Amino acid sequence: MPAAFPIRRLRRLRMNPAIRSMVRETRLAREDLVQPLFVCPGQGVRREVPSMPGVFNLSVDRLVEECREVADLGIPAVLLFGIPESKDDQATGAWHDQGIVQQGLRAVRAALGDRLVLIADTCLCEYTSHGHCGIVGERGEIQNDPTLAVLARTAVSQARAGADLIAPSDMMDGRVAAIRRALDDAGLSNTPILSYAVKYASACYGPFRDAAQSPPSFGDRKSHQMDPANAREALEEARSDLEEGADLLMVKPAGPNLDILAALRRDVNVPLAAYQVSGEYAMVKAAGARGWIDEAAVTWELALAIKRAGADLIITYFAKDLARRLGRS
Ligand code: PBG
Ligand code: ZN
């Protein structure tokens, strides 16, 4: 039994910064961070996303510059999203070898070699004319199985273009198995899958859809993304993705779902990623800009909480800001 007050005084270990640092349980490191980036057509384009100050749509040449800066800061990985030249109902821009993400991957690989881990987000919503994550049927429904083939084709094309990791974010049933099989058949059996296993249908994705120009033109994503009311179902999603061959799992959005992250940490042994999404970023930025919060302090605290809850990797638009404040560990 631990002693009680007045013998026990928990404040003793909080009395100065050196002691606090010695007993600190959780530490952020640059190696924890993943920077999401948006690649778009053109030359010399660096267009700020209105709802995400500090986040840009970057043409391939500017993407390479940005990736060099990210690598120089000691951040190990980027997560790439694409804004295609044109969209259609078959998401051609997602799987085409000349697709914008494929071009970006090749250029960054050529410029930086193995200095950065390149993660490709695999979904169709940025590439479909209707903005849905899958192939849409006659009654406007998002068709599961016809979508799998397109996702698998996209993943293979991304891996061939240089993606180190494939990160499916579509939430179709069976996508991990379909992607795993397609990668293996293409001789890419060493390419890991980082599955967005627990992805909630969240209102916090709003600014991303601004950045990726991908809001659905009708309906919503609730027939495939999870109901935020459900926790047990998250464990089912995680287990089924592992059975299908996922190598790492993700929880998204991070902040509102730290309970899920902690539960998964106890339940599975693979590395876990948490995605602090666009809306979480926008809220901090907006309040910071008004002087209502201390942006830097809040950013640090939120990232620390995500790590404390069990994340090995933190995908965040604040990655560069955080890395600037971190020493190499
Ligand atoms: C694509 C995708 C989305 C995000 C990551 N991948 C958008 C969505 O599902 O609507 C959101 C990321 C963010 O908000 O930062 N399916
Ligand atoms: Zn999508």
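The numbers here are math on the coordinates, done by the rules we state, and not lab data. Since this is a predicted model, take the numbers as computed values, not measurements. Positions of Cβ are generated from backbone atoms using ideal geometry, with glycine treated the same way; all protein chains shown enter the neighbour counts.
Under a GNM of the chain (C-alpha, springs under 10 Å), which listed residue has the highest mean-square fluctuation: TRP292, TRP95, TRP300?
Per the Cα network of the chain with a 10 Å cutoff, TRP292 tops the list.
Arrange the following residues from fewest to most other Cβ atoms within 10 Å of their Cβ: LYS199, LYS285, LYS320. Numbers along the way, then the final one.
On the way: LYS199 25, LYS285 20, LYS320 16.
With the fewest neighbours first, LYS199, LYS285, LYS320 line up as LYS320, LYS285, LYS199.
To the nearest 10 degrees, how steeply does helix 175-185 sit against the main Cα axis of the chain, on a 0 to 90 scale?
70 degrees
Using only helices, what value at 222 nm comes out for the chain when you add -39,500 (n - 2.57) per DSSP H run of length 4 or more and divide by the total residues, to the nearest 500 deg cm²/dmol?
-11500 deg cm²/dmol
Could you work out how far apart the two model spin labels at SER129 and ARG265 are, taking each label as a point 7 Å from the Cα in the direction of the beta carbon, and quote it in nm?
For SER129 paired with ARG265, the spin-label model returns 4.7 nm.
Could you give the size of the charge dipole of the chain about its Cα centre, using +1 on the Cβ of each K and R and -1 on the Cβ of each D and E, expressed in debye and rounded to the nearest 20? Display every interim value, and only then the final one.
Working: 40 positive and 42 negative charges, 380 e Å.
Using Cβ point charges on Lys, Arg, Asp and Glu, the chain gives about 1820 debye.
Explain nothing, just compute: Karplus ³J(HN,Hα) = 6.51 cos²θ - 1.76 cosθ + 1.60, θ = phi - 60°, for every residue of the stretch 30-46 in order, whole Hz, x for Gly and Pro.
Couplings: 4, 5, 7, 9, 10, 9, x, 9, 10, 9, 9, x, x, 9, x, 8, 9 Hz.
To the nearest 20 Debye, how big is the dipole of the stretch 80-157 about its Cα centre, given +1 on the beta carbon of each Lys and Arg and -1 on that of each Asp and Glu?
On the way: 6 positive and 10 negative charges, 69 e Å.
Computed charge dipole of the stretch 80-157: roughly 340 debye.
Provide the FRET efficiency to the nearest 0.05 for the GLN90-GLU138 pair, computing r from the beta carbons and using R0 = 22 Å.
0.90
In nm, to one decimal, how far is the modelled label at MET1 from the one at GLU236, with both set 7 Å along Cα→Cβ?
For MET1 paired with GLU236, the spin-label model returns 4.5 nm.
Taking +1 at the Cβ of each Lys and Arg and -1 at the Cβ of each Asp and Glu, which of ASN269, PRO215, GLY245 sits farthest along the dipole of the stretch 178-306 towards its positive end, judged by Cα position relative to the Cα centre?
The listed residue farthest towards the positive side: PRO215.
For ALA186 and ASP145 in one chain, what is 0.36 nm times their gap in residues minus the Cα-Cα distance, to one decimal in nm? The partial results should precede the final answer.
On the way: separation 41, 0.36 × 41 = 14.76 nm, distance 2.03 nm.
Gain on extension, ALA186 to ASP145, equals 12.7 nm.
Provide the FRET efficiency to the nearest 0.05 for the ARG46-ALA297 pair, computing r from the beta carbons and using R0 = 30 Å.
0.60
Considering the chain as a Gaussian network with a 10 Å cut-off on Cα pairs, which listed residue, MET15, MET283, MET226, attains the greatest mean-square fluctuation?
MET15
Amide H to amide H under 5 Å from TYR200: which residues, 5+ apart in sequence or cross-chain, H placed 1.01 Å off N in plane?
MET226, LYS252
So which lysines pass the test for LYS199, namely a Cα distance under 20 Å, with those fewer than 8 places away in the same chain ruled out?
LYS222, LYS252, LYS307
For the chain, what does the equivalent ellipsoid look like in terms of its semi-axes, each the square root of 5 times an eigenvalue of the Cα gyration tensor, given largest first in whole Å?
Equivalent-ellipsoid dimensions as semi-axes: 34, 23, 19 Å.
For the stretch 268-280, take each phi angle, set θ = phi - 60°, evaluate the Karplus expression 6.51 cos²θ - 1.76 cosθ + 1.60, and give the result in whole Hz per residue in order, putting x for glycine and proline.
Result, ordered by residue: 10, 10, 7, x, 10, 10, 10, 10, 7, 8, 4, x, 5 Hz.
Could you line up CYS133, CYS125 from fewest to most neighbouring Cβ atoms inside 10 Å?
Placing the least packed residue first, the sequence is CYS125, CYS133.
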